[in-house]
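So the structure is just underneath, and the comments pick up after that.
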Amino acid sequence: MKPEKKNTKERIVEAAIRLFRGGPCEQVSLKEICEEAGVTRNSFYYYFEARSKLYDAIAEWCVSTAKSRTLQALDSHTFYGQVWNFYRLYLETQLSLGQDVMNHIATARTEHPRSDYSGYVDSEMADAMARLIRRAQESGEIRNDQPPERLVWTSYALIRGVNIRWCFRWGETDLLKEARTSLNDLFLPGPEYRLEED
């Protein structure tokens, strides 16, 4: 069986990601993106009316890529470690794109009336994370006794804040370290469960 041919929009997004990783996004021309993707300028504009729409599609790629790896999140011996892994996989996907691309994505998202329109945590993932948090609370790994559903959305907002700070400081902070520290401050894990460097 032949592998499925990627659709034009996917080819454009993946071509842009490859080129953006190589240098500042502003220096990558539309012509270069089209050549790399093997499409015409008209094809590009059929899918993306503006460059900011391309950044939106890259954000969706980032979310989709991280979600496709969520089974890896269960690769921890603790419930709290599994919660961390959900966020770590997302943040590592963003790190793979680099701060320049993520800064452009963050800026493009602020142009939307609802800026968090393509978030990593959807209702299905929120339910799964709430179950993990509840188990972590019951086992004593997490000592914050707030309702798990509230902790899911608070932790998501916290991670988004750390992420935005990293973007707008042009990658000058250690994204994973700040995320771990922030989650430890929120969840109040027992000393033996604190998130340390991987």
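Of the residues Tyr117, Tyr193, only one is among the hydroxyl-bearing types (Ser, Thr, Tyr), at pLDDT below 90 and touching a helix residue (DSSP H, G or I) at 6+ places or on another chain (Cβ under 9 Å); which? Before you say what the answer is, go through the steps one by one.
Working: Tyr193 fails: at pLDDT below 90.
That would be Tyr117, the only listed residue that is among the hydroxyl-bearing types (Ser, Thr, Tyr), at pLDDT below 90 and touching a helix residue (DSSP H, G or I) at 6+ places or on another chain (Cβ under 9 Å).
Quickly run through the stretch 28-56 and pick out the residues that are surrounded by 11 or more Cβ atoms within 10 Å (Cβ to Cβ), of a type in the set (S, T, N, Q) and not in a loop (DSSP other than H, G, I, E, B). Steps first, please.
Residues of the stretch 28-56 surrounded by 11 or more Cβ atoms within 10 Å (Cβ to Cβ): 28, 30, 32-41, 43-48, 50-56.
Of the ones still in play, those that are also of a type in the set (S, T, N, Q) are 40, 43, 52.
Passing the criteria: Ser43, Ser52.
Quick check, is Ser64 outside any helix (DSSP H, G or I), surrounded by fewer than 18 Cβ atoms within 10 Å (Cβ to Cβ) and on the phi < 0 side of the Ramachandran plot?
Numbers: outside any helix (DSSP H, G or I): no; surrounded by fewer than 18 Cβ atoms within 10 Å (Cβ to Cβ): yes; on the phi < 0 side of the Ramachandran plot: yes.
In short, no.
Looking at the stretch 139-158, is at least one residue at pLDDT 95 or above, within 19 Å of Glu196 (Cα to Cα) and among the basic types (Lys, Arg)?
Yes, because at least one residue in the stretch 139-158 is at pLDDT 95 or above, within 19 Å of Glu196 (Cα to Cα) and among the basic types (Lys, Arg).
Looking at (1) among the small types (Gly, Ala, Ser); (2) touching a residue at least 24 places away in the same chain (Cβ under 8 Å); (3) closer than 21 Å to Leu132 by Cβ, which one does Ala106 not meet, given that it meets all the others?
(3)
Give me the residue from the stretch 14-64 that is within 24 Å of the chain's Cα centre (by Cα) and among the hydroxyl-bearing types (Ser, Thr, Tyr) and, out of that set, modelled with the lowest pLDDT.
In this case the residue turns out to be Ser64.
Look at Asp198 and say whether it is more than 15 Å from the chain's Cα centre (by Cα) and at pLDDT below 95. Please lay out each step first, then the result.
Working: more than 15 Å from the chain's Cα centre (by Cα): yes; at pLDDT below 95: yes.
Answer is yes for this residue.
Consider the stretch 13-22. How many of its residues are without any contact (Cβ under 8 Å) to a residue 40 or more places away in the chain and either within 18 Å of Ala106 (Cα to Cα) or not in a loop (DSSP other than H, G, I, E, B) (or both)?
Qualifying residue count, the stretch 13-22: 3.
Each row is one residue, and each column tells you yes or no for (1) touching a helix residue (DSSP H, G or I) at 6+ places or on another chain (Cβ under 6 Å); (2) outside the structural domain of Phe20 (by TED's automatic domain parsing); (3) in contact (Cβ under 8 Å) with a residue 24 or more places away in the chain.
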{"site": "Glu35", "(1), (2), (3)": "no, no, no"}
{"site": "Thr40", "(1), (2), (3)": "no, no, no"}
{"site": "Ser43", "(1), (2), (3)": "yes, no, yes"}
{"site": "Ala59", "(1), (2), (3)": "yes, yes, yes"}
{"site": "Tyr80", "(1), (2), (3)": "yes, yes, yes"}
{"site": "Leu91", "(1), (2), (3)": "yes, yes, yes"}
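Report the residue count in the stretch 89-101 for those that are out of contact with any Leu (no Cβ under 7 Å at 6 or more places or on another chain) and closer than 21 Å to Ala73 by Cβ. Quick ask: steps written out before the conclusion?
Of the residues in the stretch 89-101, the ones out of contact with any Leu (no Cβ under 7 Å at 6 or more places or on another chain) are 89-90, 92-94, 96-101.
Within this subset, residues satisfying the condition of being closer than 21 Å to Ala73 by Cβ are 89-90, 92-94, 96-97.
The qualifying residues number 7.
Would you point out the residue of the stretch 120-141, among those that are touching a helix residue (DSSP H, G or I) at 6+ places or on another chain (Cβ under 7 Å) and among the hydroxyl-bearing types (Ser, Thr, Tyr), that is nearest to Asn184 (Cα to Cα)?
My answer is Ser139.
The values are calculated or read from the model by the stated rules, or taken from the named source; none is laboratory data. Everything quoted here is computed from the prediction, not taken from an experiment. All Cβ positions, glycine included, derive from the backbone under ideal geometry; neighbour counts span all protein chains shown.
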